[in-house]
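> Handing you this structure, nothing more for now.
The values are calculated or read from the model by the stated rules, or taken from the named source; none is laboratory data. Quantities reported herein were computed from a predicted structural model and do not represent experimental measurements. All Cβ positions, glycine included, derive from the backbone under ideal geometry; neighbour counts span all protein chains shown.
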């Protein structure tokens, strides 16, 4: 349900029921290699992907793999429409930049100029802050999820705005940190409407989609809207059975664009030969954020910079319901890849990067990062070496995202917060990888002592530290029992003591187990209760709990008497 904030470990399940297209413009041996990237998922009756390769303003190869509609056996083709989730953010940012070019706003304006009902947090928050995720505003999707909303519920812009307005504090002072938050782009949609006099859907249609000839692209802001040729999204359950996984949320800006790989070519080419916004539009979107301490971010306005085989790349992925998306551009090669999927267990980012690896020079640029996962070979090691690595490691950049490593006989496994367990393989005594998820892990040995640090390599280098285990005396667990209410969420949890842990119950959410990790500190097994810290008064009585869940920090739940 949640767009990406952390490195995400996902299994891939796109399949290769191929829908032919018009004559392609690359050699047949290369097309066979490209198709082989998807060919491992050839079981019938599965959702899948659409893929297109753009070079110098043309689609040189495109195909559909799998089914757009399982109930009616409709195959995916390059014209199939998908919800692209957070890949939509660049279009919302473009609307804001176009309004600035029209003189209707400035990126340095305080957002309360347009949305005065937002609380005054004591620090101005600029439009630029909300677009490069430095605003500190808590993520409305996680706020609503913590309140009990589900993706299957019908929600409106008013619901999202109220969830944000109820917040009495920020995650951090604006401009001081980067933390991905969908609230910023939802608020941007409201600014477009109030400053531009039109809904985001209509403004984008008039100023972006129609001028570029993107006749099959739109922001969807009503869950009853009919979108011809749209793929239905699915996710598998634990048994592998597919179920519809579509959203009825009507707020957008952070997502909401429905498009095809064919239409995205016209947007991609606007970065080389601008037909809308002039040269100033792509320049503005790729103006990377700068924190107050002078650090430059890898995120601009709805776009992020990365590398592929040592070459500079511009990209943004998306995930919403069972839809997944990725659009990666290599400016120096005038080359881009779009992969759109209707399968929640897919990973278009990995698929797109694997396609790019075939399209780019065989030898990485001098000074490039280490070899990709695709190049790694399995090395036989003594399985007991892994025992030093087993345990939990929390990401330094997001303490509530934990990867658990374990060994069963001669097999090694990694399991990330909210993800399934994946088998990993040794490429050396200290490095383990999974080609399925496009990630590898390096454990760091010191001169002596236990292994306490690890780095996840997936879309960058992400350091992590071992989580120490902590035992709390059973007679102390009763201190935390009771009911806790958060005014900012209009939501409550009931806490009771279990065997060595706490059980948190909510009227609309699954129960969560809270495991002690320190005095008054617990780690939860559900995304809406990742990190919980209890607060005591001077008499030592527990009076509140503070909950953090990644993009939402320190929501206060007061203990009811």
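> Against the definition (in contact (Cβ under 8 Å) with a residue 40 or more places away in the chain and outside any loop (DSSP other than H, G, I, E, B)), how does residue 293 come out, yes or no?
no
> A further question on this structure: Looking at the stretch 490-499, can you tell me whether even one residue there is out of contact with any strand residue (DSSP E or B) (no Cβ under 9 Å at 6 or more places or on another chain) and either surrounded by 14 or more Cβ atoms within 10 Å (Cβ to Cβ) or not assigned by TED's automatic domain parsing to the domain that holds residue 144 (or both)?
Yes, because at least one residue in the stretch 490-499 is out of contact with any strand residue (DSSP E or B) (no Cβ under 9 Å at 6 or more places or on another chain) and either surrounded by 14 or more Cβ atoms within 10 Å (Cβ to Cβ) or not assigned by TED's automatic domain parsing to the domain that holds residue 144 (or both).
> Would you call residue 187 under 23 Å from residue 490 (Cβ atoms) and buried (at least 23 other Cβ atoms within 10 Å of the Cβ)?
Answer is yes for this residue.
> Taking the options 556, 507, 466, name whichever one is within 30 Å of residue 444 (Cβ to Cβ) and in contact (Cβ under 8 Å) with a residue 24 or more places away in the chain.
The match here is 466.
> Would a scan of the stretch 540-549 turn up a residue that is outside any strand (DSSP E or B) and buried (at least 21 other Cβ atoms within 10 Å of the Cβ)?
The answer is yes; a qualifying residue exists.
> Provide a single number: the residues in the stretch 36-85 that are at negative phi and outside any loop (DSSP other than H, G, I, E, B).
Of the residues in the stretch 36-85, 27 are at negative phi and outside any loop (DSSP other than H, G, I, E, B).
> Is one or more of the residues making up the stretch 183-195 farther than 22 Å from residue 86 by Cβ, touching a helix residue (DSSP H, G or I) at 6+ places or on another chain (Cβ under 8 Å) and in a helix (DSSP H, G or I)?
Yes, the conditions are met somewhere in the stretch 183-195.
> Another question, if that's okay. Any residue in the stretch 155-168 that is surrounded by 19 or more Cβ atoms within 10 Å (Cβ to Cβ) and in contact with a strand residue (DSSP E or B) (Cβ under 7 Å, 6 or more places away or on another chain)?
Yes - at least one qualifying residue is present in the stretch 155-168.
> A follow-up question, please. Within the stretch 108-118, work out how many residues are surrounded by 14 or more Cβ atoms within 10 Å (Cβ to Cβ), farther than 12 Å from residue 195 by Cα and touching a residue at least 40 places away in the same chain (Cβ under 8 Å).
1
The rows are residues; the columns are (1) modelled with pLDDT under 90; (2) assigned to a helix (DSSP H, G or I).
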{"site": "317", "(1), (2)": "no, no"}
{"site": "326", "(1), (2)": "no, no"}
{"site": "329", "(1), (2)": "no, no"}
{"site": "336", "(1), (2)": "no, no"}
{"site": "370", "(1), (2)": "yes, no"}
{"site": "377", "(1), (2)": "yes, no"}
{"site": "381", "(1), (2)": "no, no"}
{"site": "386", "(1), (2)": "no, yes"}
{"site": "401", "(1), (2)": "yes, no"}
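> Now for a separate question. I need a count of the residues in the stretch 256-278 that are part of a loop (DSSP other than H, G, I, E, B), under 24 Å from the mean Cα position of the chain (by Cα) and more than 14 Å from residue 78 (Cα to Cα).
2
> Checking the structure you have, find out if any residue of the stretch 286-295 is surrounded by 21 or more Cβ atoms within 10 Å (Cβ to Cβ) and closer than 30 Å to residue 99 by Cα.
Looking for residues that are surrounded by 21 or more Cβ atoms within 10 Å (Cβ to Cβ) and closer than 30 Å to residue 99 by Cα, one finds none in the stretch 286-295, hence no.
> If you don't mind, there's one more thing I want to ask. If residue 509 satisfies every condition in (1) under 30 Å from residue 431 (Cα atoms); (2) not in a strand (DSSP E or B) but one, which is the exception?
(1)
> OK, next. Taking the stretch 387-413 as the search range and keeping residues that are farther than 20 Å from residue 517 by Cβ and in contact with a strand residue (DSSP E or B) (Cβ under 8 Å, 6 or more places away or on another chain), which one is surrounded by the most Cβ atoms within 10 Å (Cβ to Cβ)?
My answer is 412.
> Can you tell me which residue is surrounded by the fewest Cβ atoms within 10 Å (Cβ to Cβ) among those in the stretch 296-308 that are part of a loop (DSSP other than H, G, I, E, B) and in contact with a strand residue (DSSP E or B) (Cβ under 9 Å, 6 or more places away or on another chain)?
Once the filter is applied, the top-ranked residue is 298.
> Can you name the residue in the stretch 125-148 that is part of a loop (DSSP other than H, G, I, E, B) and either touching a residue at least 60 places away in the same chain (Cβ under 8 Å) or within 16 Å of the chain's Cα centre (by Cα) (or both) and is also surrounded by the fewest Cβ atoms within 10 Å (Cβ to Cβ) among such residues?
Among them, the one singled out is 148.
> Sticking with this one: Among the numbered criteria (1) exposed (fewer than 15 other Cβ atoms within 10 Å of the Cβ); (2) without any contact (Cβ under 8 Å) to a residue 24 or more places away in the chain, which one does residue 282 miss?
(1)
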